[in-house]
Amino acid sequence: MTTSASRQFVSLLLQRVLLGGIVVALWWWGATRVPSFVLPGPEKVGKALLTLWQSDTFVADVSATCRRVLAGFVLATIVGTGLGLVLGASRVLARFFEPVLTVFNTVSSAIWAIFAIIWFGISDATTIFVVFMTAMPLILTNVWEGTKTVDAHYVDLARSFRMSRVHVLRKIYVPTIMPHFFAGARLAFGFGWRVSLVAETIGSSSGIGYRLRQAADLVQTDQVFAWTVLLVGLMLLLEGGLLKPSERWLFRWKPSARQPSTSSVSSSVSSSVSASVSVQA
Amino acid sequence: MSTASVLSAHGIVKRFGAATVLDNIDIAVRRGEVLALVGPSGCGKSTLLNILSGLLAPDDGELAVEGVPAAQVRDWRRIAYMFQEDRLLPWRTVRDNVAFGLEASQLSRADRQRRADDMLELVGLHARGDAWPHELSGGMRSRVALARSLATQPDILLMDEPFSKLDPQTRTQMHEELLRIQAGNGMTVVFVTHDMEEAVVLADRVIRLAARPGRVADVVNLHTLARPRVPTAPVVAEQVRVLRAAA
C-alpha cells in the first residue's frame, strides 16, 4: 500500500470512530433526559446485550432467522434468475407477464405476511414465503434488465467461433448479467432480511423477530435496543466481510472500481416496518 | 470453380427485403493469397464477407471450402473472422480474451493458456497477458483481437475493415504485423476495406465491387508490385491513384 493510500485509510478510520463516538454521546445524553423504557442508555443496553448473548435461546433464535432468510433468498435467487432469463429470452412472454411483475412489486410485504399466516400458520414456511415474495421480483427484474444489456456484438463474436448456445449463455450472457444480478441480489437480501423480522413478529414462535415483539410487549426497551445493535452489527459484518470483498473481486475488471450504493443491506431493524411498505424498488 | 481455390463462391445472390444486395457474384480465393474486397458503401462487401465466413446464408448460389460444398463442411473453425471493432470482452483478461475462441475446441485449459501466450508473443504483447482490456491502447486492443483470431490457427482469416478505427500510424504498424504473420504461416487472408491505400499495401489481388446491385466490377492483380510496399513510394501511390480513379 502506498503512503497516501494508507493515510487515506487512517483518515477514514478516524472519521468512522468519530461518527460512532458522536452517536453514542448523543444517545447517552438523550437517555439521561427521558425514562429508560423510552430510551435506555448505552450501558443498560450493553448489559442487556450481554444477558442476551448468554441466554439459552440466543443461538437458536439467531440461527432460525438466518436459516429462514437464507432459504427464502436462495429460493428467490433460483426462481428469479430462471424467470428473468426466460423473460429476457422471449419478448412475447415478457410482454404477457409484465403486469404480474408490477403487481408483485406493488403488493406490500405485510400483505404477503398476512397471507402466509393464513396459508402456512405459525411455521418456518411463513417467513420463508414472505422473504421469497419480497426478494424474488427484485432479482427477476434485475436479471431481466441484465439480459437486455447483452451486446449483440459479443454474441456474434461467439458465433464466429462457432460456439454452441450453451457456450454463448455461459460465456457472454452470464458475465454480462452478473453485475445486474449482484445489484438485485444485494437489494433483495437487504429487503428479505428486514421483512423476515416483520414476518417473524406475527407468524413465528422463535427467531429474532419473535423475540423483538416479546421484548416490546413486555416493555423491555433495553432488549429491543440490544437486538437492534446486534442486527446492525451483523449487517455491517456481512457487508464488509462478504459483500464488499466479493463484489470487488467479481467486478475487478471494471475501469473505475465504482461500487453501487451500500445502503441497501446495512440498515437498522427499525426501518423494517417502513421497508415492508416501500418494497417497490 | 476449380478445387484448387481454398474458398470459392459461385453465383451468390443476397437480398434484404426488396433490395438485391449481391447479384450473381463469382469469387475464387487462392490458397495463401491476400485478397482485398473494395467498393463504395452499399456495394455489399461486408455482406459478401459474412457469406464467405459461412455465418450468413446466401439466397442463391454456392459456397465451397476447399472444393467441399458449404452444407457438407464440418470444420468451420478453419475460417476465422475479425470484426471492425476489437470486441474484447471487458470481463476477461487479455490472455483469456485471446483464448476465448479456443474454448469451443477440445483443448485443455493449460493448452489454451499456452496457445494464448504464444499468440500474445506473436503480436508482441506477451507482457500484458494479465492486463484488463480497458488498460490497453487502441493499437494494443487491435493486436489482442488479431491474436484471438489467430489462436484457433485458421487456414483462412476474414477481416471486416479491422484497422479502420485506428490512427494512421498504428494502422501502418498493424499492416506490417499482419503481413509478417501471414508470411510466416502462409494463411489465406480476405479483407474488406474502403481504404484503397490499405488495399494496395496489403493485397496480392483486389476485387472491386460496384453498388446497386452489388457485383464484381473488376479484379486488379498486384502480384508484380514489390514488397514491402510503402504508401509514399511512387509505384504504390500510382496504383492507389488508379484504383481511386476507377471507383
How large is the translational diffusion coefficient of the range A:17-162 in µm² per second when you combine the Kirkwood radius over alpha carbon pairs with Stokes-Einstein at 10 °C and 1.306 mPa s? 81
Is chain A rounded, prolate or oblate when judged by the Cα gyration tensor, a ≥ b ≥ c being the square roots of its eigenvalues, rounded requiring a/c under 1.5 and prolate requiring a/b larger than b/c? oblate
Leading residue at positive end of dipole, the range A:93-177 (Cβ point charges), from A:Ala113, A:Tyr173, A:Pro137: A:Tyr173
With r as the distance between the Cβ atoms of B:His194 and B:Asp26 and R0 = 25 Å, compute the FRET efficiency 1/(1 + (r/R0)^6) and round to 0.05. 0.70
Set the Förster distance to 30 Å, then compute FRET efficiency between B:Ala18 and B:Glu85 from the Cβ-Cβ distance, nearest 0.05. 0.50
Calculated Rg and Dmax of the protein assembly as shown using C-alpha coordinates, Å: 32.1, 101
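Per the helix-only calculation at 222 nm, which mean residue ellipticity applies to chain A, given -39500 (n - 2.57) for every DSSP H run of n ≥ 4 and division by its residues, nearest 500 deg cm²/dmol?
-25000 deg cm²/dmol
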Please report, ordered by residue number, every helix of chain A (full DSSP H runs) that is 20 Å or longer along its axis going by C-alpha atoms and whose mean Kyte-Doolittle hydropathy reaches -1.0. A:3-33, A:58-89, A:91-106, A:124-148, A:174-203, A:221-238
With -39,500 (n - 2.57) per DSSP H segment of 4 or more residues and division by the full residue count of chain B, the 222 nm estimate, nearest 500 deg cm²/dmol, is -10000 deg cm²/dmol
Compute for the range A:193-236: radius of gyration divided by Kirkwood radius, i.e. Rg/Rh, restricted to C-alpha atoms, rounded to two decimals. 0.96
Inter-part distance where the range A:51-75 and the range B:190-239 are each reduced to a Cα centre, Å: 74
Pair-distance profile P(r), taking every C-alpha pair of the range B:98-247, with 10 angstrom steps and integer %: 10, 36, 32, 17, 6, 0
Built amide H within the under 5 Å cut-off of B:Gly67, gap 5+: B:Ser8
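Which FRET efficiency value, to the nearest 0.05, do you get for B:Ala57 and B:Thr224 by plugging their Cβ-Cβ distance into 1/(1 + (r/R0)^6) with R0 = 25 Å?
With a Förster radius of 25 Å, E is 0.10.
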Among B:Leu157, B:Ile181, B:Asn221, whose Cα sits farthest toward the positive end of the charge dipole of the range B:74-221 (+1 at Cβ of Lys/Arg, -1 at Cβ of Asp/Glu, about the Cα centre)? B:Leu157
For the range A:66-141, build the convex hull from the C-alpha positions and give me its volume per residue in Å³. 77
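Magnitude of the Cβ-charge dipole of chain A, K/R +1 and D/E -1, about the Cα centre, nearest 20 debye?
Here chain A has a charge dipole of around 1000 debye.
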Give me the aspartates and glutamates in straight-line cross-link reach of A:Lys44: C-alpha distance below 17 Å, same-chain residues under 8 apart excluded. A:Asp222
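How would you classify the range B:1-145 from its alpha-carbon gyration tensor, with a ≥ b ≥ c the square roots of the eigenvalues: rounded for a/c under 1.5, else prolate if a/b is greater than b/c, otherwise oblate?
It is prolate, given that a/c is not under 1.5 and a/b is the larger ratio.
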Compute, for the protein assembly as shown, the length of the dipole vector about the Cα centre, with Cβ point charges of +1 (Lys, Arg) and -1 (Asp, Glu) only. Units Debye, rounded to 20. 440
Which whole-number percent gives the relative contact order of the range A:10-155, counting Cα pairs below 8 Å spaced six or more residues apart? 28
Loop only by DSSP, 16 or fewer other Cβ within 10 Å of the Cβ. Give me the trypsin sites (Lys or Arg not before Pro) in the range B:54-120 that pass, ordered by residue number. B:Arg74
With just the Cα atoms defining each centre, how far is the range A:169-191 from the range B:92-126? Give it in Å. 27
May I ask which of A:Lys171/A:Lys254; A:Lys148/A:Lys171; A:Lys171/B:Lys45 have a Cα-Cα span longer than 19 Å here? A:Lys171/B:Lys45
Taking H as built 1.01 Å from N, whose amide H comes closer than 5 Å to the amide H of B:Gly214, not counting residues under 5 places away? B:Leu22, B:Asp23
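What does the C-alpha gyration tensor say about the overall shape of the range B:41-110? Classify as rounded when a/c is under 1.5, otherwise prolate if a/b is larger than b/c, or oblate.
Cα axes put the range B:41-110 in the oblate bin.
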What is the magnitude of the charge dipole of the range A:83-197 about its Cα centre, with +1 placed on the Cβ of each Lys and Arg, -1 on the Cβ of each Asp and Glu, and no other charges, expressed in debye to the nearest 20? 420
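Here, each number is a calculation from the coordinates, and none is a lab measurement. Quick caveat, the model's predicted, so the values are computed rather than measured. Glycine gets a Cβ as well: all are built from the backbone with ideal geometry, and neighbour counts include every protein chain shown.
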